[in-house]
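The values are calculated or read from the model by the stated rules, or taken from the named source; none is laboratory data. Model, not experiment: these values are computed from the prediction. Positions of Cβ are generated from backbone atoms using ideal geometry, with glycine treated the same way; all protein chains shown enter the neighbour counts.
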Amino acid sequence: MTRTAEAFVALVTCFNEDETINYTATRAQVRRQIDAGNQIMCAGTNGDFSALTFDEKVRLCGEVVDEVGGAAKVIVNAGMPATYETRLLAREFDRIGVDGIAVITPFFIDCTQEGLIRHFTSVADAVETPIYLYDIPARTQNHIEPDTACRLAQHGNIAGIKDSGGAQDTLEAYMAVGQEVDGFDVYSGPDHLVHWALTHGARGCISGLGNVLPDVLARIIRCVNAGDEAGAADAQATYTNFRTDLYKLGYPPALVKRALFLRDASVGLSRQPALLPDPEQDKAIEAILSKYGV
């Protein structure tokens, strides 16, 4: 049976001027995504997860789940370099109650494939909430090989993978695992591959750009689910072109946050040492936002 496609937005974490988390503003962003029809991923790459403390992640997850109130699905990222801390975080999220726990590959620590299997298996064994592997080798320098994903897919509590590698052949290989192993779902991370991935077997996508263009992302999903390929392709073209224009300016998560800030200052700046305000860059971002009617 074919299930409907779904989009999760890798929600930004909002900050006050002193860099403390602005939970009120973050809740407003949750409502904005729900209104558009999107699901929520918190404490991901676009949520500045690597700049958050353990306690902040736990509270952030609780605030997001409370604000969602069952109106959307929530996935939260627990991944840290050490299996020990990842397991502790996952248990906290398990206690709060979420629909899924994403586990980004360890960063800074160089892992073998066997090491990755031990890492993900240990976390999956520790909780009842379904675990989703999260592959983003450009940021972590560790890559989940498709054969490794296939082995991990046999675990009863590993429910899928988010592929943010950007390579179409790797995404195809992961989707082949999904076709082979029942109950293993693939979520596409690259914003330019949303429509392609959904029409080639992906369960959904997890997108950072949806923070800025929530309605366009939701339109891709609605059109795919309605069988409107022309509508989905048109929405994807807008999404892809916006992505190309924005991301050529620098580090994508910081640019997404800055673009959103220029339309809603309540989201705040990114924690340092991420992007600082730059008048020339802001002018370029403003031109892009105006070009697409944002």
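Does region 226-244 include one or more residues that are part of a loop (DSSP other than H, G, I, E, B), over 21 Å from the mean Cα position of the chain (by Cα), surrounded by fewer than 18 Cβ atoms within 10 Å (Cβ to Cβ) and without any contact (Cβ under 8 Å) to a residue 12 or more places away in the chain?
So far as region 226-244 goes, yes, one or more of its residues are part of a loop (DSSP other than H, G, I, E, B), over 21 Å from the mean Cα position of the chain (by Cα), surrounded by fewer than 18 Cβ atoms within 10 Å (Cβ to Cβ) and without any contact (Cβ under 8 Å) to a residue 12 or more places away in the chain.
For (1) within 19 Å of Ala10 (Cα to Cα); (2) in contact (Cβ under 8 Å) with a residue 60 or more places away in the chain; (3) crowded, with 23+ Cβ neighbours inside 10 Å, each residue gets a yes or a no:
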{"position": "Phe54", "(1), (2), (3)": "yes, no, no"}
{"position": "Val64", "(1), (2), (3)": "yes, no, yes"}
{"position": "Glu67", "(1), (2), (3)": "yes, no, no"}
{"position": "Pro81", "(1), (2), (3)": "no, no, no"}
{"position": "Ala90", "(1), (2), (3)": "yes, no, yes"}
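Please count how many residues of region 122-147 are within 21 Å of the chain's Cα centre (by Cα) and assigned to a helix (DSSP H, G or I).
7
Name the residues in region 105-131 that are crowded, with 22+ Cβ neighbours inside 10 Å and either closer than 21 Å to Glu63 by Cβ or in contact with a Cys (Cβ under 9 Å, 6 or more places away or on another chain) (or both), would you?
Thr105, His119, Thr129
Looking only at region 93-127, filter to residues that are of a type in the set (Asp, Glu) and touching a residue at least 24 places away in the same chain (Cβ under 8 Å); which one of those is farthest from Phe184 (Cα to Cα)?
The selected residue is Asp110.
The rows are residues; the columns are (1) of a type outside the set (Val, Ile, Thr); (2) at pLDDT 95 or above; (3) surrounded by fewer than 18 Cβ atoms within 10 Å (Cβ to Cβ).
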site	(1), (2), (3)
Leu133	yes, yes, no
Arg139	yes, no, yes
Asp147	yes, yes, yes
Gly160	yes, yes, no
Ser164	yes, no, no
Leu171	yes, no, no
Gln179	yes, no, yes
Gly183	yes, no, yes
Val186	no, yes, no
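Read through the list (1) buried (at least 17 other Cβ atoms within 10 Å of the Cβ); (2) over 20 Å from Leu262 (Cβ atoms), then give the number of the only condition that Thr20 fails.
(1)
I'm told Thr4 meets every condition in (1) β-branched (Val, Ile, Thr); (2) touching a residue at least 60 places away in the same chain (Cβ under 8 Å); (3) within 15 Å of Val74 (Cβ to Cβ) except one. Can you identify the failing condition by its number?
Thr4 satisfies every listed condition except (3).
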